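The values are calculated or read from the model by the stated rules, or taken from the named source; none is laboratory data. If you're wondering where the values come from, they're calculated on a predicted model, not measured in any experiment. Please note: Cβ atoms are built from the backbone with ideal geometry, for glycine as well, and neighbour counts cover all protein chains shown.
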Amino acid sequence: MKARSLDALRERPFRLLWLAAATSAVGDAMTPVALTFAVLDATDSAGDLGLVFAAFTLSHSVFVLAGGVWSDRLERRVVMLTCDLVRCGAMLALAVLVISDRAELWQFVVLAVVVGSAESFFGPASTGLVPQTVSRGRLQSANALLGLTRSASWIAGPVLSGLIVASVGAGWVFAVDAATFAASAAILGALRVDAQLPAVRRAFLTELAEGWRAVRARRWLWASLASFGIGNMAWGAQGVLGPVVAREELGGAAAWGAIVTAGGIGGALGGIVALRWRPARPLLASHLVALGMALYLLLFALPVPTAAIAVGAFAAFVSIVVANTLWETVLQSEVPHDVLSRVSSYDWAISLVFMPIGFALWGPISELVGVDTAFTAAALVSAAAKVGPVGVTEVRRLRCADVPSPVEARG
């Protein structure tokens with residue numbers, strides 16, 4: 001019998017993990033708006049703003065594989081708690097600097113590196129911890145609840161951040177974010193799970209290579225990671241060229257805001273869908289559902305109104321959250337517990353590498369062939385990336401399976 005949609009919350013370990021995630025997600029969603037205005041107020045330079053965001057992304061990319069190794073070496077709960085405390089300290093320092101009007105560019109960059117590095121460890125640890133907190137039949141529900149919470153926070157967070165920035169200043173948003181990280185750390189401190197630490201610790205590069213071998217040994221896994229990388233590169237077109245279309249053809253910032261908002265609402269609905277829909281072949285379903293991303297990209301190349309693109313954004317983000325939930329569940333079900341965080345770190349690394357490539361490529365491509373042609377190409381690349389893994393037998397045949405317990409995974 002299938003577990004009811006919210007039954008994962010009945011299990012205390014997952015309930016605590018979800019509360020911690022929900023608390024920090026609100027602060028995470030508030031920060032980008034505040035950071036944008038804080039940097040611009042301090043430096044009056046869009047280039048400096050790009051440098052701060054690049055510092056975060058680069059540090060996240062550089063350390064994510066190390067995050068996977070250490071999350072398999074140590075108790076994942078403690079890794080996450082430590083990352084929360086580090087991010088709390090960084091946000092508190094930033095709040096003090098901005099409120100006191102003493103923030104300089106180098107301080108923004110250093111703190112962005114600190115937060116990005118902490119994120120590198122937090123993500124793989126979180127992926128590995130989820131199946132330790134919830135029973136087997138409720139894993140997809142647990143992942144769906146986490147995805148739903150993240151999506152909902154990105155609807156409310158930016159609006160709340162904008163109100164705080166306008167009323168009392170950006171620094172107070174960072175103070176709120178610091179408080180959410182402190183609360184998350186306190187909740188994780190109350191969480192107790194069986195750590196199942198490795199009996200022997202080997203050299204760092206040896207353990208990193210073990211994670212890569214775990215990826216290469218599973219065709220469905222490396223085919224999916226290749227698909228995600230190429231798809232993320234194509235997805236960069238909407239971030240770079242979408243606002244251009246909105247400005248030149250749809251009426252400007254209001255149109256782009258409507259499209260982004262529709263996507264946020266779609267993400268929240270995607271979490272609800274993922275709570276209830278349990279396809280027999282979840283990996284195949286994950287790739288096919290994600291074709292909604294390609295259709296959304298194609299709409300930008302067509303002479304359609306803002307409302308049509310907003311509907312496309314809504315559908316695309318439903319598909320993204322559903323696909324990601326199914327993927328996380330498959331990953332946690334099929335990869336042995338003792339290498340799960342390392343495998344997850346390769347997943348993160350590929351995404352972090354290919355997304356900036358897409359951001360860098362689509363602008364110059366559009367200057368050569370035009371925005372409409374660039375969006376058509378991006379849609380075709382995205383569709384090919386999602387359809388490609390369907391040709392892999394293991395992707396088509398992989399069925400729902402119980403989550404192996406940490407003990408069984410080691411047996």
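What to note about this one:
- Any hit, the range 389-398, residues being touching a Pro at 6+ places or on another chain (Cβ under 6 Å) and surrounded by fewer than 24 Cβ atoms within 10 Å (Cβ to Cβ): yes
- M293 passes every criterion in (1) of a type in the set (A, V, I, L, M, F, W, C); (2) surrounded by fewer than 22 Cβ atoms within 10 Å (Cβ to Cβ); (3) touching a Lys or Arg at 6+ places or on another chain (Cβ under 8 Å) apart from (2).
Residues checked against (1) part of a helix (DSSP H, G or I); (2) over 19 Å from the mean Cα position of the chain (by Cα); (3) of a type in the set (D, E):
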{"position": "A175", "(1), (2), (3)": "yes, yes, no"}
{"position": "T180", "(1), (2), (3)": "yes, no, no"}
{"position": "L197", "(1), (2), (3)": "no, yes, no"}
{"position": "G236", "(1), (2), (3)": "yes, no, no"}
{"position": "G242", "(1), (2), (3)": "yes, yes, no"}
{"position": "W256", "(1), (2), (3)": "yes, yes, no"}
{"position": "T261", "(1), (2), (3)": "yes, no, no"}
{"position": "G267", "(1), (2), (3)": "yes, no, no"}
{"position": "L275", "(1), (2), (3)": "yes, no, no"}
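- Pairs where the first residue, in the range 315-331, is under 17 Å from V395 (Cβ atoms) and the second is of a type in the set (D, E, K, R), C-beta under 8 Å, 6+ apart: L331/D347
- Of all residues in the range 37-60, those that are more than 21 Å from I164 (Cα to Cα) have Cβ atoms under 8 Å from Cβ atoms of residues that are in a helix (DSSP H, G or I) and among the hydroxyl-bearing types (S, T, Y), 6 or more apart or on another chain, in S59/S117; S59/S120; H60/S117; H60/S120.
Yes/no per residue for (1) in the same structural domain as T36 (by TED's automatic domain parsing); (2) within 18 Å of the chain's Cα centre (by Cα); (3) not in a helix (DSSP H, G or I):
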{"site": "D101", "(1), (2), (3)": "yes, no, yes"}
{"site": "W106", "(1), (2), (3)": "yes, no, no"}
{"site": "V109", "(1), (2), (3)": "yes, no, no"}
{"site": "S120", "(1), (2), (3)": "yes, yes, no"}
{"site": "S126", "(1), (2), (3)": "yes, yes, no"}
{"site": "L129", "(1), (2), (3)": "yes, yes, no"}
{"site": "Q140", "(1), (2), (3)": "yes, yes, no"}
{"site": "L145", "(1), (2), (3)": "yes, yes, no"}
{"site": "A156", "(1), (2), (3)": "yes, yes, no"}
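- Cβ separations smaller than 6 Å between residues 6+ apart or across chains give the following pairs from the range 108-124 residues that are in contact (Cβ under 8 Å) with a residue 40 or more places away in the chain and crowded, with 22+ Cβ neighbours inside 10 Å to residues that are part of a helix (DSSP H, G or I) and of a type in the set (S, T, N, Q): G116/S59; S117/S59; P124/S71; P124/S341; P124/S344; P124/S345.
- Within this structure, G266 fails the test of being buried (at least 20 other Cβ atoms within 10 Å of the Cβ) and either at positive phi or modelled with pLDDT of 95 or more (or both).
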